[in-house]
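I have placed the structure first, in the form of structure tokens, so that the comments after it can refer back to it.
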Amino acid sequence: LSFPKEATSERKPMRSKFEFKKDKLENAILYTLEQCGGKPNLGETVLYKLLYYFDFDHYELYGKPITGMQYVKLQFGPVPQIRQFKPVIDRMIKNKKIAVIKQLYFDKIQKRYIALVEYNKNNFGREEKEVIDSVIKRLSGMSATQIENYVHGDTPWKAPQMRDVIDYDLVFDRTVPYAQRDYDEVMQNKAGEDALKGLGSISKEEYNYYEKLSGK
């Protein structure tokens, strides 16, 4: 199993505030391979990016990632942190849950993972599976080059220095098409809630004026 050379020289390590869930990572890999592993584009590079979006999209929507794995910024996009990812892959190979093959794909050597067992259907919650299915639907058809170009526009990847661990909190600076929530609508709703809360402290005369203004 090989990784890009740059990934071995990670600097400014950031301690994750999340527990790294090896079983979730293993299951996410198996489920992804079951759903789209037969696509000719789904080599190691595309798999890395799908895992990144599983975690970062779920964190943006629900405040926690699925696997809790850390990702490192490299030139061609985010990659899993070696010390977390590699032992899981090695264990899956040893336990005959996946196999690794290399093949020629568009004049380049492509590394692919092949699932040898089914994923655990009880391992994911409803929201986790919805996020994973959404990412697979949106991105699994992209080639390695296409998904690399796509991720280069995503704020969590753009903000850090090269080879830094990517901060999950950067998802809240995302813009379209990467943002999973409409932050303008969130802000408008919050402003409306604040305004309604303030009605309790205004005078009766002022309250009556607002009632007439709204036609009530």
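The values are calculated or read from the model by the stated rules, or taken from the named source; none is laboratory data. Predicted model only: the values in this text are computed from it and were never measured. Cβ coordinates were reconstructed from backbone atoms using ideal geometry, including for glycine residues, and neighbour counts include every protein chain displayed. Each accessible area value is taken on the protein alone, full model and side chains, heavy atoms only, with ligands, DNA and RNA left out. Shrake-Rupley method; radii C 1.70, N 1.55, O 1.52, S 1.80 Å.
Residue 96: open to solvent by 60 Å² or more (accessible area, probe 1.4 Å) and in a helix (DSSP H, G or I), yes or no? So residue 96 does not fit the description; no. Residues that are surrounded by 13 or more Cβ atoms within 10 Å (Cβ to Cβ), more than 30 Å from residue 179 (Cβ to Cβ) and among the polar types (S, T, N, Q): does the range 102-110 have at least one? Yes; the residues of the range 102-110 include at least one that is surrounded by 13 or more Cβ atoms within 10 Å (Cβ to Cβ), more than 30 Å from residue 179 (Cβ to Cβ) and among the polar types (S, T, N, Q). Filtered by the rule that a residue be closer than 23 Å to residue 70 by Cβ and hydrophobic (A, V, I, L, M, F, W, C), the range 83-121 gives 85, 88, 89, 92, 93, 98, 100. Scanning the range 16-51 for residues being within 15 Å of residue 86 (Cα to Cα), among the hydroxyl-bearing types (Ser, Thr, Tyr) and out of contact with any helix residue (DSSP H, G or I) (no Cβ under 6 Å at 6 or more places or on another chain) gives a total of 1. Please go through the range 111-126 and give me each residue that is open to solvent by 70 Å² or more (accessible area, probe 1.4 Å) and either touching a residue at least 60 places away in the same chain (Cβ under 8 Å) or among the charged types (D, E, K, R) (or both), ordered by number. Matches in the range 111-126: 118, 120, 121, 126. Restricting attention to the range 63-74, does a residue exist that is at negative phi, touching a Phe, Trp or Tyr at 6+ places or on another chain (Cβ under 7 Å) and open to solvent by 70 Å² or more (accessible area, probe 1.4 Å)? Yes, the range 63-74 contains at least one residue that is at negative phi, touching a Phe, Trp or Tyr at 6+ places or on another chain (Cβ under 7 Å) and open to solvent by 70 Å² or more (accessible area, probe 1.4 Å).
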